[in-house]
Amino acid sequence: MESKLIILRGNSGSGKTTTAKSLQNHLGHGALLVSQDVVRRDMLKVNDRDGNPSIGLIRQIAEYGKGKCGVVIVEGILNKSRYGEMLKDLIQFYNQEAYTYYFDLSFEETVIRHNTRAQKMEFGESSLRAWWNSNDYLGVQGETLFTNDMSQDYVLKQILNQLQK
């Protein structure tokens with residue numbers, strides 16, 4: 001089975017997880033979703049620091065999906081300084097059958113989006129500001145940027161169109 005890798009990155013509240021879940025639901029059976037938050041916070045209960053064990057586990061789960069799943073979706077903030085090397089290695093592992101997206105939204109837009117989700121009660125604007133990392137592009141060929149003016153439906157359609165090419 002030929003597998004494709006999708007990487008969705010961006011700041012907290014930008015729409016990565018919503019997009020990833022929508023993609024998985026749309027693609028159906030055989031679409032593996034690897035969420036940074038699930039691996040790091042739920043499975044390992046570790047802080048997002050350099051060298052944390054979630055980096056290796058995300059990689060191992062994504063590698064496991066190659067040849068077993070039609071699409072493997074890796075999503076999260078995935079800060080370039082911590083996760084960049086691992087993500088670039090995954091792209092190589094998937095023989096360049098990878099689609100990389102960065103949610104390049106303004107801080108103001110991420111606050112607006114954050115306030116529409118359940119986590120708005122867990123943390124607020126001050127936490128979003130503390131975690132903010134603008135222009136954290138992975139810098140790989142074909143990296144696509146999603147901006148403030150792109151709706152969730154538009155983003156999903158763009159990804160699905162690219163997968164069909």
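Taken together, the values in this text are just the output of simple stated rules run on the coordinates, not laboratory data. As the structure is a prediction and not an experimental result, all values here were calculated from the model. Here the Cβ positions follow ideal geometry from the backbone for every residue, glycine too, while neighbour counts run over all protein chains shown.
Under the rule that an exposed site lies in a DSSP loop and has at most 10 other Cβ atoms within 10 Å, name the longest stretch of the chain with no GluC sites (Glu not before Pro) of that kind, not counting the sites themselves. Spell out each step's value before the answer.
Numbers: sites that count: Glu2, Glu122.
By the stated rule (loop sites, at most 10 other Cβ atoms within 10 Å), 3-121.
What FRET efficiency do you get for Glu63 and Ser106 if R0 is 41 Å and r is their Cβ-Cβ distance, rounded to the nearest 0.05?
After rounding to 0.05, the efficiency reads 0.75.
Please find the FRET efficiency linking Gln162 to Met121, where r is the Cβ-Cβ separation and R0 is fixed at 41 Å, and quote it to the nearest 0.05.
On the way: r = 35 Å, r/R0 = 0.85.
Efficiency, rounded to the nearest 0.05: 0.75.
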Checklist entry - Percent relative contact order of the chain, based on C-alpha pairs within less than 8 angstrom and at least six residues apart? => result 34 percent
Item to check | Residues Arg41 and Asp89, FRET efficiency given R0 of 30 Å [Cβ-Cβ distance, rounded to 0.05] | outcome: 0.85
Checklist entry - Tell me, what is the Rg over Rh of the range 50-158, with Rh the Kirkwood radius over Cα pairs? => result 0.97
